[in-house]
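Enquirer: Before anything else, here's the structure in question.
The values are calculated or read from the model by the stated rules, or taken from the named source; none is laboratory data. Keep in mind the model is a prediction, meaning the values are calculated, not measured. FYI the Cβ positions are ideal-geometry reconstructions off the backbone, even for glycines, and counts take in every protein chain you see. Only protein heavy atoms, including side chains, enter the accessible area calculation; ligands, DNA and RNA are left aside. Shrake-Rupley method; radii C 1.70, N 1.55, O 1.52, S 1.80 Å.
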Amino acid sequence: MNLDQILRTEIQRAVSTLFSQSLQDFQVQPTNQEFDGTHTLVCFPLTKISRKSPEETAKLLGEYLVQHSGITERFNVVKGFLNLELKDSVWIEVFQSIHANANFGQLPFHGREIMIEYSSPNTNKPLHLGHLRNNFLGFSVAEIFKANGYKVHRVQIINDRGIHICKSMAAWRLFANGETPESSNMKGDHLVGKYYVVFDKTYKSQVNDLVGKGMAEQEAEKEAPIMKLAVDMLRKWEQKDSDIVALWRTMNSWVYDGFNATYARMGVEFDKLYYESETYLLGKEEVLKGVEKGVFFRKPDGSIWVDLTPDGLDQKVLMRSDGTSVYMTQDIGTAILRFTDFPNIVGQVYTVGNEQEYHFKVLFLILNKLGFEWAKSCFHLSYGMVDLPTGKMKSREGTVVDADELMQEMVNEAERQTRELGKIEGWSEDETRPLFEMIGLGALKFFLLKVDPKKRMLFDPNESIQLQGFTGPFIQYTHARIRAILRKAAQMKISVAAKDLKNLTTLEPAERDALNVLSLFESKVQEAAREYSPAIIANFAFELAKEYNKFYQNIPIFSEDDQVKLRFRVAFSESVADAIKKAMSLLGIAVPDRM
RNA sequence: GGUCCGGUAGCUCAAUUGGAUAGAGCAUCAGAUUUCUAAUCUGACGGUUCGGGGUUCGAUUCCCUGCCGGAUCACCA
C-alpha cells in the first residue's frame, strides 16, 4: 500500500467537500520532531481556495480528516501547518505490506534500458582517490537505476592510447632495464605509474638544463630528449610500428592486471569495455556529414568548427586543419557507437569530474544539432574534486592518495579497531578476513558517497577511518545486531507469518518513528535515481539505523510477555535488517551478519 | 575578463526543491551496561546560513549587487 497516495487522496477529498474546489498541487511534508504527528499539510497555499485564514483552514481539514478519512487519529495545528497523527492500525497495515513484500525497495522492471559509464582511467598510472569516488558513484547509480526497474549497461572507456602512456613507455625503455611486474614483484599499474613519474622528473631536469644553456623555455619543453622520444613513440604507434605496438600492448596488459585487482577489491564491475585505441578515429564521418548538413563549417585552413555562440557558448574545433580528430570528435563517435551497440537504451550517464562540465555541455548540444533524439537524455553525472587537507593531489609528481594503499589502510584500521573491541575471539581467519574487508571498504565507500556528488569534498584520512557516527560501520553494526536478534528468534523457534500480525492493535512511539522512516524507502530509491544521488540513499540508511537503534535501546523484545508484540518486533527487526541490507547494497556496501 | 559550480555550528556534511524555533555526525562536557552486541543510547554546549538590498504570509533556497574559493573558456585528453 502506498500511504502517501492514500493520504493525498483523502486530503483532496476533504478539500473538495469542504471548499468545493479541486486541489492539484499541494505539499505534504514530514512533521518536525518537536510536534506530534508524522505528516504535515502546509495550508498557506490553500487559503485562496478556502477563503479562510491558514489556521482556520487547517483546523477544518483536520476535523474532517479525523471524522471521515479513517486513517487519521488526531491532528494539531501550528500556525498554518496541519500536523496529522495517523492511526496505529494504518501503520500496522503499512508494515504488513512491507513485511509481505520480498521486493520492497525494488521497483518492477519497466523495460527501459540505460547506459552508465564510469571509471574510464588512463593507462599510465594506478587508480587514485578521485577514481574511487568516480567508481563508487557510478557503480552505485547503476544499482539505483536497477532498483528503479531499469536494465543497466555499465561501461567504461579505457584511455589506452596517447601521449600519456607513451611517456611511461619512454621512461621504461630508458631506465627500466627490462623490469616487469614479476621481476620487481610490483602490481603492473604501479610499475607503469612509477615510470610515468620517472618521465616527469627526467623531463623537468632536461628542460632545466636546456634553459640553463640559454634556450627559451617553450622551445626547451619541445626539445627535451625524453619528450622527443615519447612523441616519436606516439607517431610510430599511430603508424602501427610493430615494435612500439608490442611494447604498448605489454605495458597496457600489466596495467589491466593491476586495474582488475583493484576493481575486484573495490567491488565494482563492468558489462562492456570500450578502448580508446579502437574508438579514437570514430566521429570523423559524423563531423563531415555535419558539414554537409550545414551544422558545422569549414575554415579556410581546412579545420572544421561548430558555432555555438547562438547557445551562449564559443566556437569549438571538431577537426584539425591536418584532418586529425580531437577529443570532442571521438566522443561524438563513441556516443553514436554506443547507441548502435545498444539500440534500446534511452540514455547515457557519464560519470566524469566537474572539470569537464563544459565539454559535456558542448557534446550534448552537438549531438542534438546532429539530430539525435537520444541526446536529450544524456546526462553528465558531474562530481566535485576530492581535496586533501594537505592540498591537491598531483599524479605527475606522485603525490596522490593511491587507491590500493588507501583501501589497505582502511582494512587495516577496521582490523585494528575490531580486534580492540574483542568481538571476534575464536573466529577463524576465513571469517575475520571478509569482515575486515567489509568494514574497511564499507567505511570508505560510505564516506565518499554520503556527500552530494556535485559538491567538492574534503578527504581527511583521520576522520575517514572513523567507525562511529554517520559512517558505514555504524549501519553495518546495526544490521549485525539485528541479525543476532533474528538468530535468537530462530533458536526460540519464533517465526512470524502474516497472520501473526493481524492481532496487533497499538504501537510504541519508538516503533512508530522507526516504521515511519522504513516506509520511506521506496520513495528514496526513486528520488535517488531522479537526482542521480547515492547520498540520498546513504542518508536514508543512516536515518533508519538511527531510529532502529533508539527502538532497540528502549524496547525489549524477548522479555515482552505479549506474544503478539514480541512477534511484531521480531518481524519488524527483520524488515529493517532487510531494508538496511538493500539500501547499503545500492551503495555497493556489503553488511555482515555479525561483527 | 566571460561562463558554470560552491560559501550553512570549531570541523565534515544535511535541510523534503519557497515552509514551522536551520538539523546530523565529529570534537567538548555530563550521564546510561546484573538486560536482545556500548562500533550503542540519553542530555548539554555550539548559528548574523559570506555581506547588502529586493520579491511575499514565509527565503539557506528565487532575483539584483558586492566579497571569497574552485573549475572552465586549447587545432590537450
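Enquirer: In segment A:151-173, is there at least one residue being away from RNA strand B (no atom under 16 Å from the Cβ), in contact with a strand residue (DSSP E or B) (Cβ under 8 Å, 6 or more places away or on another chain) and open to solvent by less than 10 Å² (accessible area, probe 1.4 Å)?
Expert: Within segment A:151-173, one or more residues are away from RNA strand B (no atom under 16 Å from the Cβ), in contact with a strand residue (DSSP E or B) (Cβ under 8 Å, 6 or more places away or on another chain) and open to solvent by less than 10 Å² (accessible area, probe 1.4 Å).
Enquirer: Looking at A:GLY193, A:GLY212, which is the one that is in the same structural domain as A:VAL255 (by TED's automatic domain parsing) and crowded, with 23+ Cβ neighbours inside 10 Å? Break it down stepwise before answering.
Expert: Details: A:GLY212 fails: crowded, with 23+ Cβ neighbours inside 10 Å.
Exactly one of A:GLY193, A:GLY212 is in the same structural domain as A:VAL255 (by TED's automatic domain parsing) and crowded, with 23+ Cβ neighbours inside 10 Å, namely A:GLY193.
Enquirer: Among the listed residues A:TYR275, A:TYR280, identify the single one that is hydroxyl-bearing (Ser, Thr, Tyr), open to solvent by 50 Å² or more (accessible area, probe 1.4 Å) and at negative phi. Before the answer, list the steps.
Expert: Numbers: A:TYR280 fails: open to solvent by 50 Å² or more (accessible area, probe 1.4 Å).
From the options A:TYR275, A:TYR280, the qualifying one is A:TYR275.
Enquirer: Let me ask something else about it. Taking the stated definitions as given, is A:SER559 within 12 Å of RNA strand B (Cβ to nearest atom), among the small types (Gly, Ala, Ser) and closer than 26 Å to A:GLN33 by Cβ?
Expert: Working: within 12 Å of RNA strand B (Cβ to nearest atom): yes; among the small types (Gly, Ala, Ser): yes; closer than 26 Å to A:GLN33 by Cβ: no.
Answer is no for this residue.
Enquirer: Can you name the number of the only condition in (1) surrounded by fewer than 22 Cβ atoms within 10 Å (Cβ to Cβ); (2) more than 21 Å from the chain's Cα centre (by Cα); (3) under 20 Å from A:ILE485 (Cα atoms); (4) more than 9 Å from RNA strand B (Cβ to nearest atom) that A:ALA571 fails?
Expert: Among (1) surrounded by fewer than 22 Cβ atoms within 10 Å (Cβ to Cβ); (2) more than 21 Å from the chain's Cα centre (by Cα); (3) under 20 Å from A:ILE485 (Cα atoms); (4) more than 9 Å from RNA strand B (Cβ to nearest atom), the lone unmet condition for A:ALA571 is (1).
Enquirer: State whether one or more residues within segment A:543-551 are more than 10 Å from RNA strand B (Cβ to nearest atom) and modelled with pLDDT of 95 or more. Walk me through how you get there before you give the answer.
Expert: Within segment A:543-551, the first condition is being more than 10 Å from RNA strand B (Cβ to nearest atom), and the residues that meet it are A:544.
From what's left, modelled with pLDDT of 95 or more: A:544.
Yes, segment A:543-551 contains a residue that is more than 10 Å from RNA strand B (Cβ to nearest atom) and modelled with pLDDT of 95 or more.
Enquirer: If you take just the helices (runs of 4 or more DSSP H) that sit entirely in segment A:1-82, which of them hold at least 2 residues that are within 14 Å of RNA strand B (Cβ to nearest atom), open to solvent by less than 70 Å² (accessible area, probe 1.4 Å) and in contact (Cβ under 8 Å) with a residue 60 or more places away in the chain?
Expert: Details: elements: A:3-19, A:47-50, A:54-68.
Hits in segment A:1-82: A:3-19.
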